[in-house]
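Dumping the structure here so I can ask a few things about it.
Read-outs: derived from the displayed coordinates by stated rules, not from any lab. Please read all numbers here as calculations on a predicted model, not as lab measurements. In this analysis, Cβ positions are derived from the backbone assuming ideal geometry, glycine residues included, and neighbour counts consider all displayed protein chains.
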Amino acid sequence: MSNYLTYSLKKTKLNYSQNKMTLVEILLITCAGILVFYLYRKNISGIPLFPKITLLTLRSIVILIVLLFISNFFFYKTKKYYQKKQITFLIDTSESMTIPDVGTTRFDKAINILKDLLNFWGSNFHLKIIEFSSEAKIVHNLKTIKPDGKSTSLEKALSEVMREKSEVILLSDGINNSGEVYSSLEKLKETKVFSIGIGKDGLKDIKLTEVIYPRIAVQEEDVLVKAVIFQENAKGEKIKVVLKQEKGLISSSDIVLKNEENIVELKFKAKKSGLIEYQMEIIPTEDEKIKQNNFKNFYINISKNKFKGVFLSAAPHPELAFLKREISKFEKFDFTYFIFRDKNNFYPQYVNNKKQTTPIRKNLLSTITTSDILVIQDVPPNYFSDIELKEIRDFVLNKRGSLLLLGGENGFLSDGYKNNYIDDLLPFNLTGRKNYFEDVFKVQLEKNNSEHPLVSLSDDVLENIKIWENVGTVFSLNKIDKIKPEVNILVWAEKGQSKFPFIVLRKYYHSKIVVIFTDGLWQMYFKNPDVSKSATYYSKLIYQILLFLSIKLDETLTINLDRDNYQDNDEVNFFVDINSDKKIDDIKIKVTGEQGKIEDILYTQDTSLNNRYEGKFEVANEGKYKIEIEAISDDKVLFKNVKNFDVLPSFLEFERTKLNKDLLKDISNKTDGKYYDFNNYQEIKKDISLKKDKIIEREKIEVRQLPIFLIIIMMLLILEWVVRRRWGLP
Amino acid sequence: MKLRGIRFILIGMIILLFSSYLFSEGERYFTIGRVKYSGGGDWYNDPQGIPNLLKDLKKRTNIKAQTQQKIVTLTDNKIYDTPFLFITGHGNINFTPDEVKNLRNYLLAGGFLYADDDYGMDEAIRREMKKVFPDKELTEVPFSHPIYNSFYDFSKTGPPKIHEHYEGPPKGFGIFDDWGRLMVYYTYNSNISDGWVDTYNDSPEVRENAFKMGINIIVYVLSN
């Protein structure tokens with residue numbers, strides 16, 4: 001009671017501050033009380049003590065009651081009563097419930113269990129039945145419910161019972177493919193979910209879950225492509241995996257499915273160069289219900305297989321020897337080496353121990369301009385004439401040449417390259433400070449670029465990340481921190497809390513410029529004790545960099561979709577790559593289906609890659625669709641391409657059809673309920689008691705609402721009048 | 001007096017700073033590791049030879065080099081600080097199993113070993129190199145090989161004769177890796193490294209040839 005009093009007083013205080021009328025009333029009553037007391041004292045002096053005290057007490061009680069009345073004093077009254085328990089049934093009517101793996105279909109089994117429980121419990125409880133698939137709704141007639149061919153959203157089902165104080169019986173196979181279940185569970189406060197898992201192993205399905213492939217490959221060279229195949233109820237089955245190019249078979253493999261996840265490797269040699277579309281396909285087995293997930297399309301950039309390069313080096317150096325040795329192993333690259341003996345002469349040249357013509361200065365420019373790639377290793381800027389620098393700029397900007405700059409003490413000096421012809425090509429700003437330091441730096445791959453072809457030491461992304469974690473340390477670095485904004489940092493060199501770019505890429509329209517900020521790759525390789533492994537990785541890194549820089553694709557606009565086919569209400573993610581020398585101002589996108597045009601298309605430009613756009617839209621209905629994209633430059637359409645895709649009837653429900661016992665158990669455990677298999681659900685009859693729920697309700701009663709208080713006041717006032725009359729007081 | 005003292009300290013500090021800067025600059029430049037081995041074959045022979053060669057290398061080429069050699073044992077990871085090792089002496093050499101393994105790794109990873117017989121080392125170096133590469137032979141390096149023409153032209157004469165220890169012409173032998181790279185170069189009956197010191201009263205022409213061939217070997221290693 002004291003708590004209520006405290007509360008009511010607090011509330012009163014609030015009323016004072018918020019209700020002007022109440023405040024005025026209190027003031028008036030207080031004034032009236034003071035006035036009565038004053039008049040009484042002034043005019044009735046000399047009255048006997050007993051009537052004086054009696055009158056004073058009566059008037060004080062009246063004033064106190066009036067004050068309580070005005071201050072809205074209240075208390076609680078408790079009521080107890082009993083009511084029937086509510087039990088809510090959630091019945092899964094999604095498409096996967098049509099699977100007949102429990103003697104009958106899962107849905108029929110669920111209905112049988114429901115009827116059995118209803119018969120057992122009779123009418124001793126309040127009943128509510130909700131059916132759910134992609135949506136949830138209350139069932140009024142049990143005869144009307146049936147599987148509706150849609151996907152499953154347990155989230156929608158649980159949100160229907162979120163606000164109820166009820167015991168819920170969930171009859172489902174636990175296959176959930178829409179919405180998030182666990183966040184819904186946190187919102188269930190007074191609801192216990194008892195799950196009955198209905199289903200067994202489900203259907204047989206063989207699915208091509210992923211294709212691992214190189215983004216870039218070289219003509220006439222082995223290309224390794226891996227297919228990741230998931231199987232359900234098909235263990236031990238022999239299947240055929242085929243790889244096709246333009247519908248023609250280029251490779252195939254027969255395997256026996258031994259595990260849940262199986263990997264098949266296929267090799268082929270690319271015959272023609274360009275951006276080539278391939279299709280990986282698992283030939284469907286006779287009794288396989290879902291064939292839509294048996295194939296995937298993907299693109300590989302196949303480049304020509306011979307490249308010319310020029311390597312300029314300031315002087316003989318272990319880095320030069322290391323790189324030259326590695327490059328000589330790559331048959332695709334034909335390099336000419338210019339090693340400065342002084343500003344005007346070069347060392348004699350041997351490639352694979354065969355003497356070459358000693359390079360002469362006047363041949364330098366013509367050799368560069370007929371090459372695909374120019375490597376400059378730590379050459380002091382003043383070794384070049386203005387004409388040569390201008391030609392190097394022209395080679396990169398106008399002749400689609402690529403540039404690889406290697407660090408060292410001389411190459412990135414600000415007094416030379418700054419403000420000269422190639423200054424604006426560089427991916428960094430020169431500051432004028434000494435930037436070459438010999439120290440130990442840890443090499444770290446930039447996470448956002450773990451799939452970038454330039455630093456892909458393995459076609460498998462996770463393996464690539466692992467390789468880079470163990471690639472070792474670098475022992476010298478050009479610490480450049482003024483990187484230009486559009487430059488893509490691929491690898492970092494870390495020292496304590498500080499990190500500096502180690503390998504960066506700048507795309508300058510079609511041209512590519514890569515900088516490696518060290519002349520110590522040879523030491524990284526050399527100081528790694530595991531020679532056989534490191535040799536492979538460092539060699540691969542150099543190969544990848546040279547290949548990435550050398551490849552020049554035809555000018556094209558390509559459209560890639562994130563999946564090969566979609567289902568209704570799916571989100572379609574698309575990627576547009578425009579390989580062009582010209583700057584693209586914008587793109588125009590049009591998507592049409594059998595139902596008409598899709599208006600709501602979102603897209604953005606990926607700033608890390610020139611001329612790449614990505615976007616998304618939703619497809620509401622099944623049918624054939626077409627996406628058309630135009631690339632606009634200076635108000636003209638430069639490129640146009642079209643891609644067709646299908647939105648198929650939903651097969652999501654049949655992709656993983658095994659009873660998801662774990663999810664159902666989780667739902668029950670987290671809500672203090674219990675899980676039952678469909679064949680031992682009888683226990684639920686004991687676990688759920690139909691004892692009536694005791695309901696305790698508290699009713700708030702305000703003094704103002706009680707007429708007795710008014711009567712008491714009136715009676716006290718009358719008593720006061722009687723007392724005064726009794727003693728003959730005015 | 002006080003002022004002179006402060007000035008003296010300041011100048012001293014500047015010299016100290018400057019010299020440490022120079023020292024640190026030189027540390028990362030090219031040098032040669034002299035192999036300290038067991039077996040009693042005088043690994044330390046002619047200690048001034050390498051510093052003299054490196055001084056001449058700096059004078060004649062644009063290669064950034066230190067003028068001090070590094071003394072290394074083959075089990076020491078310091079061998080990986082330089083791509084160039086040098087071994088000489090007269091008499092026996094004995095590599096331990098760890099040294100054999102480490103030297104093999106070093107050479108396969110891109111390192112280079114120059115062995116110069118200063119009389120009586122031939123049998124030992126051939127035996128020990130067989131331990132390092134049991135599957136490879138020391139074969140004579142043809143005069144057309146870049147090591148004879150990387151900077152100076154020895155393509156007609158082969159390795160120069162500095163001191164004659166045996167009958168016959170001077171010879172250069174090599175062990176090559178699977179890609180055709182010369183990993184080990186061994187000069188027999190030539191003794192080029194004796195020409196890098198002035199203790200044997202050799203003629204200026206003979207010493208000049210010794211320096212030229214020494215520089216050729218270094219340029220070859222750093223550019224091929």
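Using only Cα atoms and rounding to the nearest 10 degrees, what angle (0 to 90) does helix B:122-132 make with the longest principal axis of chain B?
That works out to roughly 90 degrees.
For the stretch A:414-497, report the convex hull volume of the alpha-carbon atoms normalised per residue, in Å³, without decimals.
In the stretch A:414-497, the Cα hull volume divided by residue count equals 118 Å³.
Could you state the angle between the C-alpha long axis of helix A:661-670 and the longest principal axis of the C-alpha atoms of chain A, as a value from 0 to 90 degrees rounded to the nearest 10?
40 degrees
Using +1 at the C-beta of Lys and Arg and -1 at the C-beta of Asp and Glu, which of A:321, A:349, A:89 has the Cα lying farthest in the positive direction of the dipole of the protein assembly as shown?
With unit charges placed on the Cβ atoms, the residue in question is A:89.
If you don't mind, there's one more thing I want to ask. Semi-axes of the equivalent ellipsoid for the stretch A:254-340, please: Cα gyration tensor eigenvalues, times 5, square-rooted, ordered largest first, whole Å.
Ellipsoid semi-axes (Å, largest first): 46, 16, 10.
Find the Rg to Rh ratio for chain B, where Rh is the Kirkwood radius over alpha-carbon pairs and Rg uses the same atoms.
Reported Rg/Rh, Kirkwood definition of Rh: 1.05.
Where both partners of a DSSP beta bridge lie in the protein assembly as shown, what percent of those bridges are antiparallel, to the nearest 5?
65 percent
Need one word for the stretch A:135-175: rounded, prolate or oblate. Basis is the Cα gyration tensor (sqrt eigenvalues a ≥ b ≥ c); a/c below 1.5 gives rounded, then a/b vs b/c decides.
oblate
Which Rg and Dmax, in Å, describe the Cα atoms of the protein assembly as shown?
Here Rg and the maximum Cα pair distance are 44.7, 161 Å.
As a quick test, which of the pairs A:128/A:685; A:665/A:686; A:244/A:643; A:146/A:187 have an alpha carbon distance above 21 angstrom in this structure?
Flagged as over cut-off: A:146/A:187.
Please compute the Cα-Cα pair-distance distribution of the stretch A:165-317 with 10 Å bins starting at 0, giving whole percents from short to long.
With a bin width of 10 Å, the distribution comes to 9, 27, 20, 17, 13, 8, 4, 1, 0.
From the Cα gyration tensor of the stretch A:610-701, with a ≥ b ≥ c the square roots of its eigenvalues, which class applies: rounded if a/c is under 1.5, or else prolate if a/b is larger than b/c, or else oblate?
Judged from the Cα gyration tensor, the stretch A:610-701 comes out prolate (a/c at least 1.5, a/b above b/c).
For the stretch B:115-174, report the convex hull volume of the alpha-carbon atoms normalised per residue, in Å³, without decimals.
With only Cα atoms used, the stretch B:115-174 gives 99 Å³ per residue.
Under 10 °C and 1.306 mPa s, how fast does the stretch B:87-129 diffuse according to Stokes-Einstein, given a Kirkwood radius computed over C-alpha pairs? Answer in µm²/s, whole number.
Using the Kirkwood radius from Cα pairs, D works out to 145 µm²/s.
In Å³ and rounded to a whole number, note down the convex hull volume per residue for the Cα atoms of the stretch A:158-250.
171 Å³
How large is the charge dipole for chain A, taken about the Cα centre, if only the Cβ atoms of Lys, Arg (+1) and Asp, Glu (-1) carry charge, to the nearest 20 debye?
I would put it at about 3700 debye.
Something else now. Got a sec? Charge dipole of the stretch A:113-190, +1 on Cβ for Lys and Arg, -1 for Asp and Glu; which of A:174, A:153, A:119 is way out at the positive end?
A:119
When you have a sec, figure out the Kirkwood radius of the stretch A:321-457 from all distinct Cα pair distances and drop it here in Å to one decimal?
17.0 Å
One quarter of the convex hull surface, Cα atoms only: what value does that give for the stretch A:381-533 in nm²?
Quarter of the Cα hull surface area: 9.9 nm².
Turning to a different aspect of this structure: Can you give the FRET efficiency to the nearest 0.05 for residue A:329 and residue A:644, using r as the Cβ-Cβ distance and R₀ = 45 Å?
Between residue A:329 and residue A:644 the formula returns 0.55.
Right, here's the next one. Work out, step by step, the length gained on full extension between residue A:144 and residue A:565: first 0.36 nm times the residue separation, then minus their alpha carbon distance; give nm to one decimal.
Gain in length upon complete extension: 148.2 nm.
Another question, then. Please report, to one decimal in angstroms, the Kirkwood hydrodynamic radius of the stretch A:31-190 built from all distinct Cα-Cα pairs.
Taking every pair of different Cα atoms in the stretch A:31-190, averaging 1/r and inverting gives 21.1 Å.
At 0.36 nm per residue, and after removing the present C-alpha to C-alpha distance, how many nm does the segment from residue A:343 to residue A:508 gain when stretched out fully?
Full extension from residue A:343 to residue A:508 adds 56.5 nm.
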